[in-house]
Amino acid sequence: MAIRFAHRPVHILFSLTLAITMLSLQAKAEAPTGSPGQGKRPKIALVLSGGGARGAAHVGVIKVLEEYRVPIDYIVGTSMGSLVGAAYASGTSVTDMEKLLGELSTNTLFRDAPPREELQIRRKQEDRSLLFSPEIGINSLGGNVLPKGMVSGVQLESVLRKITAPGFRDFDKLPIPYRAVATNLETGQEVIFDKGELANVMRASMSVPVAIAPTEIDGKLLVDGMLVNNLPVNVARAMGADIIIAVNVGTPLLKREELGSLLGVAGQMLSILTEQNVQAAIASLKTTDILISPELGDFATSDFDHLVKTLPIGEAAARKAADKLSRLSLPPEQYAIYRKNLSKLTEQDFRPVEKIRFENLKNVNPEYAQSLMETKPGKTIVQSEIDNDLRRIYGTGDFEHLNYKILEDHGQRILGIEAIEKSWGPNYFRSGIGLDSDFQGNANFTLQGRFRKNWLNSLGAEWVSDIQLGHVDRFASEFYQPIDMKHDYFVAPGLELKQNSTDIYADDNRIARYEMDRYRVGLDLGRNIEPYGQLRVGVRGGILNPSLAIGAPNLAPVEGNIAEGAFIARLELDKLDSVAFPQKGWLVNANLYNSNSALGADDTYTKWEMRGMYAYTIDRQHTFNIFGVANGTLDGTLPTYDQNQWGGFLRQSGYRTGQLTGESLTYGRFMYYNKLIDYEMFDGLYAGLSLELGKMDNPLIKSNSDELLRSGSVFLATDSPIGPLYFGYGLTEEGYHSFYLYLGLPYQ
C-alpha cells in the first residue's frame, strides 16, 4: 500500500505532463506556426480562381486582407484570377485596381477592331454592305478555315499591358512571387507559368475557348486554365505556402430550365469540367487554410460592364472569415515593414528605339505596316501610342494577333512587333442577307457573298469579287492596286454584270415594271484620304438593255441595246462610329456621272448627287441623327432607265418601297433613337422615330405629286447577329401608311 501510494503522485504528474504535451502539439499543428512577434511567421499564399467578370470580386477580398494586415507571400491565379493576381503581385494598389475596374467594359476588353472612325476607308466601305458572317479563309489547298475565336484578344492585351509594366520577367522577382495557370490545347495538360511577359501570360490564362482565340507561347497553344485547374491550390503548395487563402468565384451550374439552347449546353459542359477540378482543390484544403466564396448569385461571367458591383460582395465574403484572418494579422508596425519591403516593379524603359522590326511576316509588306504607326525610330515610346498603333494595324484585317517587345540586338535598341498573320488568310469569303418588306406585296430578299484575295503583290493589291442574288442580281469584280507603299494612291480596273427590276407607280398603284440588264467595265484612279476618305475619278463603258416586263406598251423604255460611256467622280468621307446605329460622327458622299458621246454613249447627260449624315448622342443613350440627300441634272434629261427611285422605310416612310420615281430628289430626315437595352456583344435594342421631308421633281409619271412630301415613322431596332433588324410603321401627310420589316441598312 505504501509503495502504491508513494508512486501515485508521480504517476499523476507524469500523466498530466503527457496530456499537456499532447495538447500543445495539437495546438501547434492547428495554429499558424510562429504567431506574429513569436518567431518565424507562416508563408501565406493567395489563390484566386477564374470566373470571368465574377473575378472582379477578388479585388474586394484583397481590400479586406489589407485592412486586416494579412501579409501575402505568394499569389497564384487562373483566368480572371490571374489578371487580378498579376496586378497585385506587380505592386498595383487596391485603389488603382478599383479605378481600373470602373473603366473596363465589354468594349474596352473584347472589341478588337479600332474605333470605326479610325478604320481604313476600304474596310469602311465593306462595312456598309449586307455582309455579316465571320471571314471564312480559303487556303491554298481550297479548304475553308475559320477564326479560332470570336475575338483575337488584341484589345484585351492592350488593357493587360496597362495593368502591369511590360517586359520579360522572372515571376519570383516580382514584389510578390506569382504563378498563372493555363491549359495546353493540344495535350490537355496544365501549364504553370513562373516567367514570361505578364500580359501574354494573363492573356493565355483567360483565353476562354471559342470566345477568345488561343495564345501561342513557347510553341504551345494555350487556352483558359479553368479547364484543368480553376482553383490552383496545389501550385501554391508547391511554391512553399504554409497557409492557403483560396477565393472561389466560379460559376454555379445552370438549372435544367436554362439548358434549352446549344449555347446553354456548351456553357454547362465547361462549367462541369471547371467545377470538378474546383471541388478537388477545395477537398485538398487543410483546417488551417481559409476558403472564401463570394455570394455572387446570378452575376454573369460575361458581365464586364458592371465589374465594380462585385467589389462589395467580395468584401462581405472576406469579412465572414474575420476570425481566421485576424489570426494571421501582423501588428501595424510589422505590417508597415512588410509593405515597405515589397519592391516596386521596375517600369519599362521607354527611351527611343533605333529601329522598328516586324517579325513573322509572310504576306504583308513590313514597310506598309510600319507606315501605319505613329511610333517612329528616334521618337520617345509612349505605351498608349503603341497600343493604338497595334489596333490600327490589326484594323487592316490582315492579322490574327499582334504584340510588341523591346530588344537589344548588336548594340541597337529595337522595337520588335510580333505580327501573326491570319492563319485562315490571306483569301477570304464572307456572306450576308437582306430583307425589305412593306407588307403590301413588296418583299425583296437578297443574298450576298464576297471573295477577297489580299496581298497579291508587295504593294498590297486586292482582288474583290461580289455576287448578289435576289431583287437585284449582280456580279462585280475589282482589282485594287496601290501604287505607293502608304496606299495613298491607287488604280482600280473592274467589271459589273447586273440585272434588276424597277416598279413604276401612279400614286400607290403599281402600273409597270422595267427590267434592266447592264454589262459594264471601268477604270478608276484614286486617292485615299486616310483614315476617313477616298476620291475616285474614272471612266465607264458598257451596254444597257432595258425592257418592259409589266405594263402598257406606251410606258416601255427605249427598246434594244444602249451604249454606255461616262466619266465619273466620287468623293467619300466617313467618320461615323457605326453604320448600324451611329452614336457620333458624320458621313459625306458626292457623286458626278457624265454620260458622254465622246466615250460612245448613246444618251448625253450629267447627273450629280450629294448626301450626308451627322449623329450626336447625349448621355450614351439619346441619339439624334440628321440625314439628307439631293440630286439632279446639270445638263440634259435623265433617261427613263436612270431616274431616281425613292420611298420606303426611312426613305420617305409611309410610301411603298420604290413608289417615288423622278428626275431629281431633295430629301431630309431627322431621326431620334434611344437605347433601351444593352447587349454584351452587340449594340443593343433601340426605339426610335423619324420626321421626314422630301420632294421629287419631274416625276416619271406626271400625275404623281411634285409637291413637298411630309412623313414619319416609329420603330424598334436591334443589332442582331445577322445584321441590323428593324420593325417599323410609317405614315404620310397624304394618308399613306405601311408597316415595314427591314434587315440591313435602310437609310444610307
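The values are calculated or read from the model by the stated rules, or taken from the named source; none is laboratory data. Please read all numbers here as calculations on a predicted model, not as lab measurements. Counting neighbours? That spans all protein chains shown, and the Cβs are built from the backbone with ideal geometry, glycine included. Heads up: the accessible areas ignore ligands, DNA and RNA and are worked out on the full protein's heavy atoms, side chains in. Shrake-Rupley method; radii C 1.70, N 1.55, O 1.52, S 1.80 Å.
The set of residues from region 519-536 being basic (Lys, Arg) and free of Cβ contacts under 8 Å to residues at least 40 places away in the same chain comprises just one member, 527. Among the residues of region 454-472 satisfying the criterion of being assigned to a strand (DSSP E or B) and either open to solvent by less than 50 Å² (accessible area, probe 1.4 Å) or among the small types (Gly, Ala, Ser) (or both), which is nearest to residue 511 (Cα to Cα)? Among residues in region 454-472 that are assigned to a strand (DSSP E or B) and either open to solvent by less than 50 Å² (accessible area, probe 1.4 Å) or among the small types (Gly, Ala, Ser) (or both), the one nearest to residue 511 (Cα to Cα) is 472. If we keep just the residues of region 652-687 that are among the small types (Gly, Ala, Ser) and under 30 Å from residue 502 (Cβ atoms), which is modelled with the lowest pLDDT? Ranking the qualifying residues of region 652-687, first place goes to 658. Using the structure shown, decide if residue 223 is touching a residue at least 24 places away in the same chain (Cβ under 8 Å), under 15 Å from residue 83 (Cα atoms), under 23 Å from the mean Cα position of the chain (by Cα) and assigned to a loop (DSSP other than H, G, I, E, B). Judged against the criteria, residue 223 is not a match.
If you go through region 50-79 and keep only what is β-branched (Val, Ile, Thr), touching a Lys or Arg at 6+ places or on another chain (Cβ under 8 Å) and over 21 Å from residue 278 (Cβ atoms), you end up with just 64.
Residue selection: residue 285 fails the criterion of being open to solvent by 50 Å² or more (accessible area, probe 1.4 Å) and either more than 13 Å from residue 55 (Cα to Cα) or modelled with pLDDT of 95 or more (or both). Once region 695-735 is narrowed to residues that are among the β-branched types (Val, Ile, Thr) and open to solvent by less than 50 Å² (accessible area, probe 1.4 Å), the residue that is nearest to residue 658 (Cα to Cα) is 701.
Yes/no per residue for (1) open to solvent by 50 Å² or more (accessible area, probe 1.4 Å); (2) in contact (Cβ under 8 Å) with a residue 24 or more places away in the chain; (3) outside any loop (DSSP other than H, G, I, E, B):
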| residue | (1), (2), (3) |
| --- | --- |
| 379 | yes, yes, no |
| 389 | no, no, yes |
| 406 | no, yes, yes |
| 420 | yes, yes, yes |
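Of all residues in region 460-471, one or more are small (Gly, Ala, Ser), under 29 Å from the mean Cα position of the chain (by Cα) and at positive phi.
Filtering region 51-91 to residues that are closer than 21 Å to residue 329 by Cα and at pLDDT below 90 leaves only 91.
For region 52-92, a residue qualifies if it is among the charged types (D, E, K, R) and either touching a Cys at 6+ places or on another chain (Cβ under 6 Å) or in contact (Cβ under 8 Å) with a residue 24 or more places away in the chain (or both), and the qualifying residues are 54, 63, 66, 69, 73. Selection within region 100-116: residues that are part of a loop (DSSP other than H, G, I, E, B) and among the small types (Gly, Ala, Ser). The member of this set that is surrounded by the most Cβ atoms within 10 Å (Cβ to Cβ) is 113.
Could you go through region 310-328 and let me know if any residue there is outside any helix (DSSP H, G or I), surrounded by fewer than 16 Cβ atoms within 10 Å (Cβ to Cβ) and either of a type in the set (S, T, N, Q) or in contact (Cβ under 8 Å) with a residue 60 or more places away in the chain (or both). No, there is no match, as no residue in region 310-328 is outside any helix (DSSP H, G or I), surrounded by fewer than 16 Cβ atoms within 10 Å (Cβ to Cβ) and either of a type in the set (S, T, N, Q) or in contact (Cβ under 8 Å) with a residue 60 or more places away in the chain (or both).
Against the conditions (1) more than 30 Å from residue 439 (Cβ to Cβ); (2) surrounded by 17 or more Cβ atoms within 10 Å (Cβ to Cβ); (3) not charged (D, E, K, R), residue 610 satisfies every one except (2). For region 54-99, residues that are surrounded by fewer than 20 Cβ atoms within 10 Å (Cβ to Cβ), of a type in the set (Gly, Ala, Ser) and assigned to a helix (DSSP H, G or I) total 0.
For region 478-500, the set of residues classified as open to solvent by 20 Å² or more (accessible area, probe 1.4 Å) and hydroxyl-bearing (Ser, Thr, Tyr) consists of 489 only. Scanning region 116-159 for residues that are within 10 Å of the chain's Cα centre (by Cα) and either hydrophobic (A, V, I, L, M, F, W, C) or at pLDDT 75 or above (or both) yields 150, 151, 154, 156.
From the list 219, 225, the lone residue that is crowded, with 17+ Cβ neighbours inside 10 Å and farther than 17 Å from residue 404 by Cα is 225. Restricted to region 618-641, and to residues there that are closer than 25 Å to residue 692 by Cβ and either polar (S, T, N, Q) or part of a loop (DSSP other than H, G, I, E, B) (or both), the residue that is most open to solvent (accessible area, probe 1.4 Å) is 621.
Selection over region 153-212 of residues that are farther than 17 Å from residue 235 by Cβ and part of a strand (DSSP E or B) gives a count of 6.
Assessment of region 547-561 against the conditions (surrounded by fewer than 19 Cβ atoms within 10 Å (Cβ to Cβ) and at pLDDT 95 or above) yields no matching residue.
Taking the condition touching a helix residue (DSSP H, G or I) at 6+ places or on another chain (Cβ under 6 Å), free of Cβ contacts under 8 Å to residues at least 24 places away in the same chain and either exposed (fewer than 15 other Cβ atoms within 10 Å of the Cβ) or more than 30 Å from residue 456 (Cβ to Cβ) (or both), does residue 295 pass? The answer is no for residue 295. Among residues of region 585-605 that are without any contact (Cβ under 8 Å) to a residue 60 or more places away in the chain and in a strand (DSSP E or B), those with a Cβ under 6 angstrom from a residue that is among the charged types (D, E, K, R) and buried (at least 16 other Cβ atoms within 10 Å of the Cβ), sequence gap 6+ or separate chain, pair up as 586/575; 589/572; 589/611; 591/570; 591/609; 593/607; 595/603.
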